[in-house]
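The values are calculated or read from the model by the stated rules, or taken from the named source; none is laboratory data. Because the structure is a prediction, the values reported are computed rather than measured. Backbone-built Cβ (ideal geometry, glycine too); neighbour counts: all protein chains shown. Surface accessibility is based on the protein's heavy atoms, side chains included, excluding ligands, DNA and RNA. Shrake-Rupley method; radii C 1.70, N 1.55, O 1.52, S 1.80 Å.
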Amino acid sequence: HPSPPAAAAAATVSEEEPFGRITSDIRQNETVMLFPTLAYKRLCTSSGKARWATRIHGRAVDNTRKYRRRRMGMTSAAKALGFYPTSDKEREMYQRRMAMFTLKAARRRWVGFDLMGLGVWATSGPNGHFLTDLQVSDDKLPLDIPEHGRPVSLTYTTLPTEDGRTWSSQVFFVPPQGISVISDIDDTIKLTEVKDRRKMLSNTFLYDFVAVDGMNELYSLLKDKGAAFHYVSNSPWQLQPDLQDFLNQANFPQGSFHLKHLRFRLNKPITFLKNRLGLRPKQQPEKHTTAAPAVPSPAGAAVPSERRGGGHNHKYDTVYSLLQTFPERKFILVGDSGEKDPLIYADIAQKFPNQVDRVYIRRVEGDLRDENHWENIFSKIEREKWSVFEDHRTLVQDVKSLPMS
């Protein structure tokens, strides 16, 4: 089987087991966040057996310590950008969400995991993130996973700390064949108003997340078709816990998360909030980060640079990797017109014409571009494969016409 990607600075990939350790090295003042992930089936060339591969990802932080200078810088930047809280409710929300960016990382902590009786260890990197790869033989799974159909969710849990605490999340075992939905989050299923910087930041830090009207109903129809869901967004990992709560409260299907690693520059907090928050892409191509891929590709390699049109793009690379990882699955790509989703999805659909079954683009408020604009972007894609919509109800009949996964 292919080797996993090399260890990275943003998160540590670990396969070693600490000698003699039986508990996770998380102290009483620290906590762990685990992120939902996926598993895919591959054939092990050495044994000839089918195996499921997954990558566990999480973050360890200190609940009682904050980067003081970072907190002060973010507060000053928030006031300068005009989205500082003005009510008790806004202040409480602001402090809670901003804490995810200012809590100190719990570095070099050993975290153990148990998945179906298999143990594996990871160590947290400089920013508290950790990654670890795990493979399990098909015949060791507690239930049969078909070659075709909907994903099967299993729970993975950390080994207990010395004071008995554990944390859990989900691994979605995605069959080789079936339907997968790759969905953006901001302004696709959650109202963020990315094109207005002040509204974007206020909706991110001050207010409860609000669902785009009707999108949960559309996704329920896709779920009934047996689809797997992969949430791919430029939102940072610091927001994942709140985004998970949003999915639960708004009745969106559960799925794997593929968010963005951000590097905080202490001397540029305003730039961080304006551009590097990840919700509003920079105009220039981004430099390649050292973070390991969100999805280990079958070849264990990054997306070739000539296939992504220059600089590194988190969303493009992740979508590309997902399609490579599941070459027999059909994909529905869902995004919005406010960012780069149409261009990214058009290019992906052109490169994977046999896998991309549909592209749905939600037209954001104030977007007045006409049909000629969209026909130009999707000129190399079959017309029946793409739709730009304002009301989710216009897609219901098309979704109902899709085959069952």
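Taken as a whole, the stretch 64-76 holds no residue that is open to solvent by 30 Å² or more (accessible area, probe 1.4 Å), in contact (Cβ under 8 Å) with a residue 40 or more places away in the chain and under 30 Å from Thr45 (Cβ atoms). Scan the stretch 94-122 for residues that are part of a helix (DSSP H, G or I) and in contact with a Phe, Trp or Tyr (Cβ under 8 Å, 6 or more places away or on another chain) and the total you get is 5.
Among the residues of the stretch 334-378, the one identified as over 17 Å from Ser321 (Cβ atoms), aromatic (Phe, Trp, Tyr) and within 20 Å of the chain's Cα centre (by Cα) is Tyr360. Residue pairs whose Cβ atoms lie under 8 Å apart, separated by 6 or more positions or on different chains, with the first residue in the stretch 133-158 and on the phi > 0 side of the Ramachandran plot and the second part of a loop (DSSP other than H, G, I, E, B), are Gly149/Pro175; Gly149/Gly226; Gly149/Ser405.
On the basis of being modelled with pLDDT of 95 or more and over 21 Å from Ser153 (Cα atoms), does Asp224 make the cut? The answer is no for Asp224.
Residues are listed down the side, and each one gets a yes or a no for (1) crowded, with 22+ Cβ neighbours inside 10 Å; (2) touching a helix residue (DSSP H, G or I) at 6+ places or on another chain (Cβ under 8 Å); (3) at pLDDT 95 or above:
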residue	(1), (2), (3)
Val210	no, yes, yes
Glu217	no, yes, yes
Ser235	yes, yes, no
Leu247	yes, no, yes
Pro253	no, yes, yes
Ser256	yes, no, yes
Arg263	no, yes, no
Thr271	no, no, no
Asn275	no, no, no
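Among the criteria (1) open to solvent by less than 60 Å² (accessible area, probe 1.4 Å); (2) out of contact with any His (no Cβ under 9 Å at 6 or more places or on another chain), the one Gly58 does not fulfil is (2). When Thr86, Thr102 are checked against the criterion of being of a type outside the set (Gly, Ala, Ser) and surrounded by fewer than 16 Cβ atoms within 10 Å (Cβ to Cβ), a single residue qualifies: Thr86.
Conditions tested, residue by residue: (1) of a type in the set (Phe, Trp, Tyr); (2) at pLDDT below 90.
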{"position": "Ala77", "(1), (2)": "no, yes"}
{"position": "Met93", "(1), (2)": "no, no"}
{"position": "Met100", "(1), (2)": "no, yes"}
{"position": "Arg108", "(1), (2)": "no, no"}
{"position": "Met116", "(1), (2)": "no, yes"}
{"position": "Trp121", "(1), (2)": "yes, no"}
{"position": "Pro126", "(1), (2)": "no, no"}
{"position": "Thr132", "(1), (2)": "no, no"}
{"position": "Lys140", "(1), (2)": "no, yes"}
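Per the listing Arg91, Arg55, the residue uniquely outside any loop (DSSP other than H, G, I, E, B) and either within 23 Å of the chain's Cα centre (by Cα) or at positive phi (or both) is Arg55.
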